[in-house]
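**Q** Dropping the structure in here first, questions after.
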Amino acid sequence: MAGITTHVLDNEAGSPGAGMRIDFSVWENGAFKFVRTVHTNNDGRTDGMILKPPDTKVGRYELKFYVAEYYAKQGMDLPDPPFVETVPVRFSVFDTKQHYHVPMLCTPWTCTTYRGS
Amino acid sequence: MSTSDIDRRDFVVTGLAAGAAVGVLAATSGCSQATSMQVAAAGEGRLTLHAIDTYYGQTREGLIIDLSRLEGGEYKLIKSVETVKRGRTAEPLLEGKDVKVGRYELLMHLDDYFAHHKADLPTPQFLSTVAIRFGLYDANQKFHVPILFSPWSYSYYRGS
C-alpha cells in the first residue's frame, strides 16, 4: 500500500488519541497550501487515508496536529501558551510506490513522530 | 497530569516567595527533577536546547538551528546557531531579560546536516527542515528543550 496515513497515540492517557484535529497541507510554489482538515476516529486513525496512492506525488507535505486543543477538550489544565500546542510535522514523499505512515505520539510535554509502517 | 500541574504551580509560587533557600531545600529533600527544575527567581529564566543525533549516535558538527518567536502571526528570526559539543550550543539561546513569554520555534536544518555528512538518503529526504514549536509560559523558569533526531524521526520534550 502506498499513500499517506497517520495515527495519534495519546501517551499521557495510554490510549489512541480520538478526535484530534489535523490540518493537511501540500507544499506548492514555495508555501504549504492547506488541503483539508480531518479528525481522528476512536482508534486514533483517520477514517480514510490522508492521501490515496493515486493522489500522492513526490513532494513535501504537512500534517499539523492540534495537540493542546485535544488536551484542553478533555479538561486538562494547560499553561498559556501550552508547551506543546500545534505541531507541524513536515515530511517528503520520495517514492510514490511506498507507503508513508506518519504517527504522532504526544503528551502535553512531549511529542514524537517517525516514518512508521 | 492535572494534579501534578497544580502541585508544580504551587511549588513555583512558594519558590518565588521564599527565594533561593527553597531551591536548596528542593535539591536536598528528594523532590523530583521535574519539580526542582521549575524553581527560579525573577530574571533567572533561560532557554537552552540539546540536539541529540540518534542516527550517528552522537551529534556531529554543522547542525544549524534557527530560533524564532511568533510575533504578529509570523515566526520572526531571533538568531541562528550552530551546535557545538555534541549538540549543545555555546551559550544559552535566551537568558535574563531576553526570555519572554511566547510561542517559539527551533528550525532544525536536518537536510543540510545529513548532506554535509554524506548520509546515504533518498531525495528529497523524508525530513528536511524540522520545526520544533513550543510555548514558553513563564519567563522566570528554565526551559530546556532536548530534541532527538534522525533522518526518519524526531522527538522533543520539556527537559531539565
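**Q** Which length gain, in nm to one decimal place, applies between A:A31 and A:D80 when the Cα-Cα distance is subtracted from 0.36 nm times their residue separation?
**A** Full-extension gain reported as 14.8 nm.
**Q** Using Cα springs under 10 Å in a Gaussian network model of chain A, which residue among A:R60, A:R36, A:R90 shows the largest mean-square fluctuation?
**A** Result for chain A, Cα springs under 10 Å: A:R36 fluctuates most.
**Q** I would also like to ask the following. Counting only other residues whose beta carbon sits under 10 Å from that of A:F91, what net charge do I get with K and R as +1, D and E as -1?
**A** Local net charge: +2.
**Q** Please sort by residue number the trypsin sites (Lys or Arg not before Pro) in the range B:98-131 whose DSSP state is loop and whose Cβ has at most 11 other Cβ atoms within 10 Å.
**A** On the way: sites: B:K100, B:R103, B:K118; in loops: B:K100, B:K118.
Answer by residue number: B:K118.
**Q** Ordered by residue, what ³J(HN,Hα) values in Hz, to whole numbers, does the range A:82-92 give under the Karplus form 6.51 cos²θ - 1.76 cosθ + 1.60, where θ = phi - 60° and Gly and Pro are x?
**A** Values, residue by residue: x, 5, 9, 10, 9, 10, x, 9, 10, 8, 10 Hz.
**Q** Starting at the first residue of the range B:99-113, write each ³J(HN,Hα) from the Karplus equation 6.51 cos²θ - 1.76 cosθ + 1.60 with θ = phi - 60°, in whole Hz, x for Gly and Pro.
**A** Those phi angles translate into 7, 10, 4, x, 9, 10, 9, 10, 8, 9, 8, 5, 4, 5, 4 Hz.
**Q** Then there's this: Straight distance only, please: which aspartates and glutamates reach the Cα of A:K97 with their own Cα at less than 17 Å, same-chain residues fewer than 8 apart left out?
**A** By straight Cα distance, A:K97 reaches A:D55.
**Q** For the pair B:L70 and A:N42, how long in nm is the line joining their label points, each one 7 Å along Cα→Cβ?
**A** About 3.3 nm, to one decimal.
**Q** Would you mind giving the three semi-axes, in whole Å and largest first, of the ellipsoid equivalent to the protein assembly as shown according to its Cα gyration tensor?
**A** 33, 23, 16
**Q** Cα-Cα over 24 Å: which of B:K79/B:K100; A:K64/B:K97; A:K64/B:K142?
**A** Flagged as over cut-off: A:K64/B:K97; A:K64/B:K142.
**Q** Quote the FRET efficiency, to the nearest 0.05, computed for B:E95 versus A:K97 with a Förster distance R0 of 41 Å and r equal to the Cβ-Cβ distance.
**A** On the way: r = 49 Å, r/R0 = 1.20.
The pair B:E95/A:K97 has a calculated efficiency of 0.25.
Every number in this text was worked out from the coordinates using simple rules, so none of it is lab data. Quantities reported herein were computed from a predicted structural model and do not represent experimental measurements. Virtual Cβ from ideal backbone geometry, glycine too; neighbours counted across all protein chains shown.
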